Every structure is written in structure tokens, then in C-alpha cells.
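Peer 1: The structure's right below; bear with me while I get my questions together.
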Amino acid sequence: MWDERYNEDEYVYGKLPNDFLAENYEVIPKGKVLSLAEGEGRNAVFLALQGYDVTAVDASKIGLEKAQKLAEEKGVKITTILANLEDFEIQPESWDGIVSIFCPLTEQARQTLHQKVIQGLKENGIFLLEAYTPEQIEFGTGGGKSADYMTSKESLEKDIQALKILKLHKIVRRVVEGKYHTGMASVVQLIAVKA
């Protein structure tokens, strides 16, 4: 599915980073950052431009090829890993930051991945996430047609109990990220630290 979506010249989610990430990336200590469900590279390349050592994981070969092309265009290097997040193993205590922007997973897969995220962060490492909430279905401006791949603030809070929450809120905001994520949207935003 994702290879089909990305199989065009246009960057379907744009080349600019996610707003929440761009406004908050400085909370991530300089060092190694893992970007989950990275797609075409917009967030990974942005972080690399800020001086981070970025590894981007995605299930789409075409998406990751476009990510490398964008990195080359911007004069930075990123590492890419082709993997399904449901099977991906995050190296324990290896990451200064882990970023998850609009990562569509079922509840069970999300809970499992978030436990791997917690284990994967170094001490003082930051987990930064923005995800669609089930109320996003009413807006229809991204995230698919099934609330099964969205998360509530309460579910997220349960998932990451082992981390110290610095910011967690649910808001409705305007998202402008290419042709598939544009318009008013219901999202949950999280910044948490492994203390």
C-alpha cells in the first residue's frame, strides 16, 4: 500500500517537517535519533539539518528511496532501514530521541512498539509523538478511514507510564502536510523523557 502511495514524483506529505516536531525538536539531546514510519524523509532530513544523526525506518522501499533523494538534495546524510514496525527491533538504550509522527498502528502493535521505544531510549532520551485521535474520523483530513489505527490521549498515557511526561495534550489543529494530510485535524501530541 505505501509503495503505491509514494510511487510518484511529488512528495505526497510534502518536504517540510511536521509542525509539532519543528517547534519542539530542541528538547531532543544532540545525538542519535530514530524516526519511525518516516515515509519520504521530511522529518528525518529536517533533523539531520539540525545536526542529529538520524536513522529512518519505514515499510516502503519507495518512500525510503525518496527520503535518501531528499537528504541528498539538502546536503545531509541519513540512514534508512526498510522494516515493518510490527517486527522492528529497537536497539536497547541506543537513542537520544525517538520520533513518531502520524504512525498508523493497531492498538496492540502500538503498545508493543511503545514498550520497545521505552527500552530503546538512553537515559534522558526524548520520545516525541504526534498521532491522530479517533475523533479524526469526523474530519477526514488524513489518517485513513478506521479509528483502529488512531490513538487516544488516555491510551497513550497508559502506553508510556515508564516515561516522565513533559507535554501531553489532545487538540484540534490545522495540519498542512502534502495532499493527504491537509485540513483541520484531531491530534494527540506527546513529549516524554526517560528519566
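Peer 1: Could you work out the equivalent-ellipsoid semi-axes for segment 121-195, taking the square root of 5 times each eigenvalue of the Cα gyration tensor, largest first, in whole Å?
Peer 2: The three semi-axes for segment 121-195 are 25, 13, 10 Å.
Peer 1: Do the sum for the chain: with -39,500 (n - 2.57) for every DSSP H run of n ≥ 4, divided by all residues, what is the mean residue ellipticity at 222 nm, to the nearest 500 deg cm²/dmol?
Peer 2: Taken over the chain, the calculation gives -8000 deg cm²/dmol.
Peer 1: Then there's this: Please work out the Cα center distance from segment 77-101 to segment 60-76, rounded to the nearest Å.
Peer 2: Measuring centre to centre over Cα atoms gives 16 Å.
Peer 1: With a bin width of 5 angstrom, please list the P(r) values of segment 6-101 as percents of all Cα-Cα pairs, from the 0 bin to the one holding the largest distance.
Peer 2: The distribution over segment 6-101 is 3, 15, 27, 26, 19, 9, 2, 0, given as percents.
Peer 1: Would you list, by chain and number, the lysines whose Cα falls below 19 Å from the Cα of Lys179, excluding same-chain residues fewer than 8 positions away?
Peer 2: Of all the lysines, those that pass the test against Lys179 - Cα under 19 Å, at least 8 places apart if same chain - are Lys15, Lys66, Lys145.
Peer 1: Cross-link list Lys32/Lys77; Lys116/Lys158; Lys122/Lys164; Lys32/Lys158: which exceed 23 angstrom alpha carbon to alpha carbon?
Peer 2: Pairs exceeding the cut-off: Lys32/Lys158.
Peer 1: Hey, got a sec? Which trypsin sites (Lys or Arg not before Pro) in segment 110-195 land in a DSSP loop and have at most 14 other Cβ atoms within 10 Å?
Peer 2: Lys145, Lys179
Peer 1: If you add up the charges near Ala185, with Lys and Arg at +1 and Asp and Glu at -1, over every other residue whose beta carbon is less than 15 angstrom from its beta carbon, what do you get?
Peer 2: +1
Peer 1: Separation of segment 35-58 and segment 117-175 by C-alpha centroid, Å?
Peer 2: One Cα centre to the other: 18 Å.
Peer 1: So for segment 2-193, Kirkwood radius off the Cα pairs, Stokes-Einstein at 20 °C and 1.002 mPa s: how many µm² s⁻¹?
Peer 2: Reported coefficient: 131 µm²/s.
Peer 1: Another one. Check each of the GluC sites (Glu not before Pro) in segment 29-91 and keep only those in coil by DSSP with at most 13 other C-beta atoms within 10 angstrom; list them in order.
Peer 2: Here the sparse-neighbourhood loop sites are Glu86, Glu89.
Peer 1: Report the antiparallel proportion of the DSSP beta bridges in segment 2-193 as a percent, rounded to a multiple of 5.
Peer 2: Given both bridge residues lie in segment 2-193, the antiparallel proportion sits at roughly 55 percent.
Peer 1: With only alpha-carbon atoms counted, please give the Rg and Dmax of segment 153-195, in Å.
Peer 2: Spelled out, the Cα radius of gyration and Dmax of segment 153-195 are 12.8, 38 Å.
FYI, it's all coordinate maths here, none of it is from the lab. Please read all numbers here as calculations on a predicted model, not as lab measurements. Heads up, the Cβs are rebuilt from the backbone with ideal geometry, glycines too, and the neighbour counts pull from every protein chain shown.
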